[in-house]
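Reviewing the structure listed below.
Every number here is computed from the coordinates shown, using simple stated rules; none is lab data. Only a predicted model underlies this, so the values are computations on that prediction, with no experimental measurement involved. Heads up, the Cβs are rebuilt from the backbone with ideal geometry, glycines too, and the neighbour counts pull from every protein chain shown.
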Amino acid sequence: MADDGASHDHAHDHLETPCETALQELYLFLDGELTPDKRSQIKSHLDDCSPCFEAFDFEAELRNVISKRCRDEVPDSLRDAVARILDTPADSPDDR
């Protein structure tokens, strides 16, 4: 039976790393938490498997957008006020 390329059920064979394994370890790959050997196996799989690479590419881009757009800016006045409070000696319970 010929594969027409339309199916993306990840049923195709990869000898060293199955799609299911590659996708399960995708976040560890993105976080740089895999051993060099395992990282090489996943990278090789992604280079050869377009459906898994698409999943990787989506997750990598999503992380990039989140890291750029989801940053809280603290006003200098608030930062200064917190620093002043932290520098002030704490009152003892008897001083209240």
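Side notes on the structure shown:
- Cα point-scatterer Debye curve for the range 19-87, base-10 log of I(q)/I(0) at q = 0.11, 0.20, 0.21 Å⁻¹: -0.44, -0.80, -0.86
- Relative exposure of L62, L23, judged by other C-beta atoms within 10 Å (fewest first): L62, L23
- Cβ-based exposure ranking for R79, R63, in which fewest neighbours within 10 Å come first: R79, R63
- Distance (nanometres) between label positions extended 7 Å along Cα→Cβ at D31 and S44: 2.5 nm
- Ordered by the count of other Cβ atoms within 10 Å of each Cβ, fewest first, I66, I42 give I66, I42.
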